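Visitor: Below you'll find the structure I mean.
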Amino acid sequence: MRFYKNQHQFYIGIDLHARTMYICVINNIGETVFHKNMECSRDNLELVTNTFGKDIVVGVECIFTWYWVADFCAERGIDFALGHAYYMKSIHGGKTKSDKIDSEKIANMLRGGMFPIAYAYPKEKRAVRDLLRRRLFFVRQRAELSVHLQNTNHQYNINDPLTSSRMRSEVYRNTIPQKFSDPATLKMVNADLAMFQAYNDIITKLEFQIEDSMEVQDPVSYSIINSVPGLGFILSLTILYEIDDIHRFSDVGKFISYCRLVKCSHESAGKKEKGGHNKIGNVHLKWAFSEGAVLFLRNNERGQRWHDKLVQRYGKAKAMSIIAQKLGRTVYYMLKRKEAFNPDKFYGDKKIENKDSGGEHLAYVASRRLHEKKLFKSPLTRLAHN
């Protein structure tokens, strides 16, 4: 947990909502000099910030409406603090709660150096990250339709597994309604298939848009991540955009904790417990590395042998968790050192000393060449560039 520690003449706490914002301003000696509920608008926020000069900080809790406030502050060179939603909940709870009280608590926490801060994702990459998240939502909705169609098969004792490869074929999908004779069931199946096709079209268009955006922004880092076996087009992009800047993590422990790849530990009165609070961190990175661990083992004999040893020692579930964590640690160091994937380093079969800056430069050149040779692995891109 990190706290905002900078000192200012005025501290502006905002309890932000979709249409209104309760603003509290306190000075450096703790006096409340402004406290008012206002309509959410850039004009109103500018009126308040202009009144109290340049030595100010604006703090809001990390909810879905914070983007415009962060952009407003960045455009005017105003310090902005984004409050970590989980820690804010535990710190400023109480018997009495209102927008007025919450805004005052935010301002006082800013002044007292007790405002827990989250990472304010930069504006220029935010849209692509959100697009990737929305694509994942649509993919999951499409998967639910496949599961419902499969369950319908089971209900009528139709032994015809709807595998993902089969469902990708439009020719096969057109044969599914032929298995049902009941009119109501047929309507339901046709509705599922129509929605499945709609999601397919949407996902395809989104992937083309994501490719175009990514190509401009950070192709080298993408190539480095994409060099890991199992981390294909979407997983590499998800990891890249969810991390943003790897240097915001001072060590690998903080990174894998942020990725939810380690269990939390609690110690009190000499007693240690593991588990709990595992929802702190980035759920999208946890998904990406967990999926990557499964795909890493496909057509990978060396990886499969390592997996089998882990299963014998720890069991299947923990073995996959270990592989996912190993992938997370590997990606952290690869991005830090600008190196492509090295299987000898990954498996620990060969000790390779860290090189000097010249070695890092060679790693950078290698990753750049990798980018030029195989920037995109997705079938969509190959289709687009043919």
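Visitor: Any chance you could run the full-extension gain for Asp218 through Phe3? It's 0.36 nm times the residue separation minus the Cα-Cα distance, nm to one decimal. Before the final figure, lay out the partial values.
Guide: Details: separation 215, 0.36 × 215 = 77.40 nm, distance 2.98 nm.
Full-extension gain reported as 74.4 nm.
Visitor: Which number gives the lysine pairs in the range 3-116 that have C-alpha atoms under 12 Å apart and are eight or more places apart or on different chains? Spell out each step's value before the answer.
Guide: Details: Lys36/Lys100; Lys89/Lys97; Lys89/Lys105; Lys97/Lys105.
Value for the range 3-116: 4.
Visitor: While we're looking at this one, here's another question. Using R₀ = 56 Å, calculate the FRET efficiency as 1/(1 + (r/R₀)^6) where r is the Cβ-Cβ separation of Thr175 and Glu31; round to 0.05.
Guide: Numbers: r = 74 Å, r/R0 = 1.33.
The formula returns an efficiency of 0.15 here.
Visitor: Contour minus end-to-end for Lys345 and Lys263, with contour as 0.36 nm per residue of separation and end-to-end as the Cα-Cα distance? Don't jump to the answer; show the numbers that get you there.
Guide: On the way: separation 82, 0.36 × 82 = 29.52 nm, distance 2.46 nm.
Full extension of this stretch gives 27.1 nm more.
Visitor: Output ³J(HN,Hα) for the range 135-146: one whole-Hz value per residue in order, computed from phi by the Karplus curve 6.51 cos²θ - 1.76 cosθ + 1.60 with θ = phi - 60°, and x for Gly and Pro.
Guide: Going residue by residue, I get 4, 4, 4, 5, 4, 5, 5, 5, 5, 4, 5, 4 Hz, with x marking Gly and Pro.
Visitor: For the range 3-116, place one equal point scatterer on every Cα, skip the solvent, and apply the Debye formula. What is log10 of I(q)/I(0) at q = 0.20 Å⁻¹?
Guide: The calculated log intensity ratios at q = 0.20 Å⁻¹ are -1.05.
Visitor: Still on this structure, I have one more. Straight distance only, please: which aspartates and glutamates reach the Cα of Lys316 with their own Cα at less than 12 Å, same-chain residues fewer than 8 apart left out?
Guide: Asp308
Visitor: Apply the Karplus parameterisation 6.51 cos²θ - 1.76 cosθ + 1.60, with θ equal to phi minus 60°, to every residue of the range 37-43 and state each ³J(HN,Hα) to the nearest whole Hz, in sequence, with x for glycine and proline.
Guide: 8, 9, 6, 5, 7, 5, 5
Visitor: Amide H neighbours of Cys40 under 5 Å, at least 5 residues apart or on other chains, H built in the peptide plane: list them.
Guide: Amide H neighbours of Cys40: Thr20, Met21.
Visitor: Got a sec to turn the phi values of the range 330-346 into Karplus ³J(HN,Hα) couplings, 6.51 cos²θ - 1.76 cosθ + 1.60 with θ = phi - 60°, whole Hz, x for Gly and Pro?
Guide: In residue order, the calculated couplings are 5, 4, 4, 5, 4, 5, 5, 9, 6, 10, 7, 5, 10, x, 5, 5, 4 Hz.
Visitor: Give me the number: length gained by fully extending Arg126 to Met38, i.e. 0.36 nm times residue separation minus the C-alpha to C-alpha distance, one decimal in nm.
Guide: Value of the extension gain: 29.0 nm.
Visitor: Further question on the same structure: At what distance in nm do the modelled label points of Lys318 and Phe64 sit from each other, each positioned 7 Å from its Cα along Cα→Cβ?
Guide: Here the answer is 4.0 nm between the modelled labels.
Visitor: More than 15 angstrom separation, counting every C-alpha pair in the range 67-125; what % is that?
Guide: For the range 67-125, the share of Cα pairs beyond 15 Å comes to 56 percent.
Visitor: OK, next. For labels at Ser250 and Val147 in the simple 7 Å Cα→Cβ model, what's the distance in nm?
Guide: Taking the simple label geometry, Ser250 and Val147 are separated by 4.1 nm.
Visitor: What residues qualify as long-range amide H neighbours of Phe3, i.e. H under 5 Å apart, gap of 5 or more or another chain, H built at 1.01 Å from N?
Guide: Ile117
Visitor: Rank-order 114-121, 247-254 by packing density, defined as the average count of other C-beta atoms within 10 Å over each peptide's residues, highest first.
Guide: Details: 114-121: 19.2, 247-254: 11.9.
Top to bottom by mean Cβ count within 10 Å: 114-121, 247-254.
Coordinate-derived values only; no laboratory data. Everything quoted here is computed from the prediction, not taken from an experiment. Using ideal geometry, Cβ is built from the backbone for each residue, glycine included, and neighbour counts are taken over all protein chains shown.
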